[in-house]
Amino acid sequence: MSNDILNALVIVSNYILVPGLAYGSQLALGALGITLVYAVLRFSNFAHGDSMAFGTTFTILGTTWLQSKGISLGPLPTALLAMPFGIIAAILLCLIMDKLVYQHYRQQKSTPVMFVIASVGVMFITNGLVRFIIGPGDRVFSDGQRFIIKAREFKRMYGLSEGLSIKMTQGLTLVIAIVAMALLFWFLQRTKTGKSMRAYSDNEDLALLSGINPQRVVFITWLIVGALIAIAGVLYGLDKSFKPFTYFQLLLPMFAAAIVGGIGNPVGAVLGGFIIAFSEIAVTYAYRKFLIYLLPEQYEPNGLMQLLSTDYKFAVSFMILVAVLIWRPTGLLRGKSI
Amino acid sequence: MSLLKADAMIAGYGKTRILNECSIAVDRGEIAVIVGPNGAGKSTAMKAIFGMLPLEAGSITLDGKNIEKLSPQDRVAQGMAFVPQTSNVFVSLSVEENLEMGGFLREDDINKTRDQIYSLFPILFEKRKQAAGELSGGQRQQVAVGRALMTEPTLLMLDEPTAGVSPLVMDELFDRIIEVRNTGIAVLMVEQNAKQALEIADTGYVLVSGENRFTDTGEALLADAEVRQTFLGG
């Protein structure tokens, strides 16, 4: 009996907890970028998903190049070593698009909706660039050791019938996300430049009166956002696989995460990322086996016990998004300024 | 020779002219107060002096230097500080961070100035870790003035610092403003509470339709029968 409960717990960890933590970290990093752009530049950046694909593209190219030179990181994926290529590419993309597109609208003091439409244009351009450079197909670019904990070994070690497996990419995602977020929060809370970004986001006019240079704030913001874009994109691609269209689809859960947490609020973006990830996974998971372990034999379920097919997983973030917009438009943690 | 001398300013929004040859001056260690009926151009005069509104004609000198071509940010660097009437604190930043942002342009150590501001406004020291948005109206105004003082300005400009605070808090704020003046800073402010403001004013300007109607010491204006009758409600 007690083994049944342990087995049920292992199932939940294996299929919900571990993937949720990894996917949540990826969404959180994406939502952080969206929320920073919203807080400082005051618009919803629809090009965010495709920019992630752009950063990942250059990481993949870098990975291939490093592999051709015979350079690897042993058990860790080579892509980690190639990540700086992706970060630089994503930052350059952000800065160039800002110079060519957004700067003009800032000088015109355009309304946020104009920025949003402009960002949709940037999205299509980036989208085309990515397909032009690397093609629309699916790519797996992770190498090195695949698992940190293998299901079969776990079963043997603990004598359970269910096994827990943790992929290397899942562990890496969590570690890198935590480091990146810690660095970001330290920067925003402790450094003079970070505080000036928050001040500018809070009250633009007063920031000007205090001598804060808006161009510098915008520049620094794109540097950070570009880095977050590439990191989020690469981690997602390593964990799942890289396909440009999937990155476009990530826009919805990432925006949902940013808005659920309170857009403009970085802590909210992280919280929102995990809420969306766990809801998506928990709602689309088939609980049949889990219930078999826990329920008495006569109640054993016949169906899959799945609330929603995985094909509809985007509906989950959409429903949460709608609910939040109706009942708590500012998000769980009051949003709109970092 | 006054520290700030704004001479015959003409300015407005689009075709509407608000200021008609309005002149304002204030010297170090002095409080100058601009009063007048609604729509007299008091706040517009402040904006024009701070460079948030371009002049059509007239001149502004600070310490003998012409500044009318400078942007507001450059005027901050020249020693002017401005406290707007509304949204004058960073609500999501702590009190301490507000002060730090006030001294953003300074390369030297700002801790000394910060400590001076804490001794001027002791309540800010108590609340230094709290977000400015969580403070009461009067405390927020102190944060706003404190933020402006962080640049160690020679001229402090206040746009209706007592708007929306209780009479008790108003008296306290005025006391603090006198202390600021006593450190040798020139203070220029616009006030709705004309009577109380003129009581602490070294110079008072009564504006009507963007023109100087009366200019005198605060005391003399308060004693003037016509000023009392027309602007101070008897």
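Throughout, read-outs are computed from the coordinates displayed, never taken from laboratory work. No experiment lies behind these values; they were computed from the predicted model shown. Cβ coordinates were reconstructed from backbone atoms using ideal geometry, including for glycine residues, and neighbour counts include every protein chain displayed.
Largest GNM mean-square fluctuation across A:160, A:271, A:81, computed for chain A with C-alpha springs under 10 Å, falls on A:160. Highest-first packing order for the peptide set A:312-321, A:24-33 is A:24-33, A:312-321, based on the mean count of other beta carbon atoms within 10 Å. For residue A:299 and residue A:73, the difference between the fully extended length at 0.36 nm per residue and the C-alpha to C-alpha distance is 76.3 nm.
Hey, can you rank B:36-42, A:261-267, A:151-157 by average C-beta count inside 10 Å, highest first?
The peptides rank, most packed first, as A:261-267, B:36-42, A:151-157.
Among A:218, A:175, A:18, the residue with the largest mean-square fluctuation in a Gaussian network model of chain A, with springs joining Cα atoms closer than 10 Å, is A:175. Residue by residue, the stretch B:145-157 carries 3J(HN,Hα) couplings of 5, x, 4, 5, 6, 5, 7, 6, x, 8, 10, 10, 10 Hz when phi is fed to the Karplus relation 6.51 cos²θ - 1.76 cosθ + 1.60 (θ = phi - 60°); x denotes Gly or Pro. Electrostatic bookkeeping for residue A:209 treats Lys and Arg as +1 and Asp and Glu as -1; over the other residues with beta carbon under 14 Å from its beta carbon, the sum is -2.
In Å, what Kirkwood hydrodynamic radius results for chain B from the alpha-carbon pair distances? So the Kirkwood estimate lands at 17.9 Å. Anisotropy class assigned to the stretch B:54-111 is oblate, per the alpha carbon gyration tensor with a/c at or over the 1.5 cut-off and a/b no larger than b/c. Short-range pairs are left out: with C-alpha atoms under 8 Å and at least six residues apart, the relative contact order of chain B is 28 percent. If I take every Cα pair under 8 Å that is 6 or more residues apart in the stretch A:39-123, average their sequence separation and divide by the length, what percent do I get for the relative contact order? Across the stretch A:39-123, relative contact order equals 47 percent. Note on residue A:139/residue B:109: beta-carbon distance plugged into 1/(1 + (r/R0)^6) with R0 of 60 Å gives a FRET efficiency of 0.65. Of the residues A:51, A:68, A:142, the one that moves most in a GNM of chain A with alpha-carbon contacts below 10 Å is A:68. Under 5 Å from the amide H of residue B:213 lie the amide H atoms of B:206, B:207, B:208, each residue being 5 or more positions distant or on a separate chain, with H modelled from the backbone and absent for Pro and chain starts.
Judged by the gyration tensor of its Cα atoms, with axes a ≥ b ≥ c, the stretch A:15-115 is oblate; a/c meets the 1.5 cut and b/c is at least as large as a/b. Remark: relative contact order (the stretch A:95-233) = 14 percent; criterion is Cα-Cα distance under 8 angstrom and separation of 6 or more residues.
Using only the alpha-carbon atoms, how far is helix A:214-239 inclined from the longest principal axis of chain A? Give it as 0 to 90 degrees, nearest 10. Between helix and principal axis, roughly 20 degrees.
Return the average number of partner chain Cβ atoms within 10 angstrom of each residue Cβ along peptide B:102-115.
Other-chain Cβ atoms within 10 Å of each residue's Cβ, averaged: 2.
Going by alpha carbons, how many degrees (0 to 90, nearest 10) lie between the helix axis of A:112-134 and the longest principal axis of chain A? It works out to around 60 degrees.
Classification of the stretch B:24-93 by its C-alpha gyration tensor yields a rounded form. The axis ratio a/c (a ≥ b ≥ c) stays under 1.5. When B:31, A:16 are sorted by how many other C-beta atoms sit within 10 angstrom of their C-beta, beginning with the fewest, the order is A:16, B:31. Just to confirm a number: summing +1 for Lys and Arg and -1 for Asp and Glu over residues other than residue A:292 whose beta-carbon lies under 13 angstrom from that of residue A:292, what do you get? Cβ neighbours under 13 Å give a net charge of -2. Counting only alpha carbon atoms, the long axis of helix B:167-182 and the longest principal axis of chain B meet at about 90°. Peptide A:190-198 has a mean of 3 when you count, residue by residue, the C-beta atoms of other protein chains within 10 Å of its C-beta. Straight Cα distances below 20 angstrom link residue B:69 to the lysines B:5, B:47, with same-chain residues fewer than 8 positions distant left out. Per-residue shielding of B:91-97, expressed as the average number of other chain Cβ atoms within 10 Å of the residue Cβ, stands at 5.
Annotation: amide H-H contacts under 5 Å for residue B:34 (H modelled 1.01 Å from N, sequence separation of 5 or more, or interchain): B:189, B:190, B:191, B:205.
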